[in-house]
Amino acid sequence: MIGIIDYGMGNLYSLSKALERLGYSYEFVSQAERLQEYSGLILPGVGAFGDAIANIRELGLEQAIKGYAATGRPILGICLGMQLLFEKSAEHGEHTGLGLLGGEVVRFRGDYKVPHMGWNQLMIKQKQPLLNGVQDGDYVYFVHSYHVLCEPDVLLATSDYHQEVTAIVNRDNVYGMQFHPEKSGETGMLLLRNFAVQCEGVLT
């Protein structure tokens, strides 16, 4: 069973429908004491970083998420949820994140349209089971004004939007996707399936 963390700022409907189409069971969870019940967790997110991390802390979820990650079970951050996995963000002031991955979230800067919105290609940096079946050049759907600067060793894939953009990250059991896999057609569904496979057989 996969737990989708509901802290009041996630794109829960489309994500849950995607898991249903893939045939995987899920529950929404907002109680810290229940996180350990699941074989995998998804941290979605839509909106501003500061509001999101404040909600997580108000619900008492921060330490529970960190504790869950420490068990070695898979956890996936999507869009803003991926950004929350990192150390800090400069979105509307400086905010500290969950710190499960090293790096910071910064705003796109340049003479081009922000937010970065639409279909862009993935450029694969490392092969890993999460990317099974995904090809270099496959398209996924982005909507974001801020992006992650991180160390190259956590990059599984990037995209290009006037610069190299962090698209998929991983360290050990912690995964992140800057785009919305649930809105990214066959490639997005394949990535979600691959994550769900990581969760299969995990004892809770």
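No lab work stands behind these numbers, since they all come straight from the coordinates. On a predicted model such as this, the values are computed, not experimentally measured, just so you know. As a convention, Cβ positions derive from the backbone with ideal geometry for all residues, glycine included, and neighbour counts pool all protein chains shown.
Highest mean first, how do 98-105, 27-34 rank when packing is the count of other Cβ atoms within 10 Å averaged over residues?
Taking the mean over residues of other Cβ atoms within 10 Å, the ranking is 98-105, 27-34.
So what's the gap between the Cα centers of the range 1-73 and the range 79-104, to the nearest angstrom?
16
With the crude spin-label approximation of a point 7 Å out along Cα→Cβ, what separation in nm comes out for LEU59 versus ALA90?
Modelled inter-label distance: 2.9 nm.
Could you give the nm distance between label points at PHE28 and GLU186, where each point is 7 Å from its Cα heading toward the beta carbon?
In this crude spin-label approximation the distance works out to 3.2 nm.
Quick check: pseudo-label points 7 Å beyond the Cα along Cα→Cβ at LYS17 and VAL106, how many nm apart are they?
The modelled label-to-label distance comes out at 3.7 nm.
On average over all directions, what projected area in square nanometres does the range 130-204 have, based on the convex hull of its Cα atoms?
Numbers: hull surface 22.9 nm².
Orientation-averaged projected area of the Cα hull: 5.7 nm².
For a quick check, take a GNM of the chain with Cα springs below 10 Å and name the residue from LYS88, LYS127, LYS183 with the largest mean-square fluctuation.
Among LYS88, LYS127, LYS183, the largest mean-square fluctuation in the Gaussian network model of the chain belongs to LYS127.
I need two numbers for the chain: Rg to one decimal and Dmax as a whole number, Cα atoms only, in Å.
So, for the chain, Rg and Dmax equal 15.5, 50 Å respectively.
Count charges around VAL169 for me, please; just the other residues with Cβ under 12 Å from its Cβ, Lys/Arg as +1, Asp/Glu as -1. The partial results should precede the final answer.
Details: positive: LYS125, ARG171; negative: GLU151, ASP153, ASP172.
After counting each charged neighbour, the total is -1.
Could you order the peptides 51-57, 73-79 from most to least packed, using the average number of other C-beta atoms within 10 Å per residue?
Numbers: 51-57: 19.4, 73-79: 26.1.
Top to bottom by mean Cβ count within 10 Å: 73-79, 51-57.
Using the Cα centre of the chain as the reference point, and only Cβ charges (+1 on K/R, -1 on D/E), how large is the resulting charge dipole? Debye, rounded to the nearest 20. Provide the component values of the computation, followed by the final result.
Values: 15 positive and 23 negative charges, 37 e Å.
Dipole of the chain, to the nearest 20 debye: 180 debye.
Looking at the chain only, what percent of DSSP beta bridges run antiparallel? Nearest 5 please. Could the numbers behind the result be given before it?
Details: 24 of 40 bridges.
Of the beta bridges lying entirely in the chain, close to 60 percent run antiparallel.
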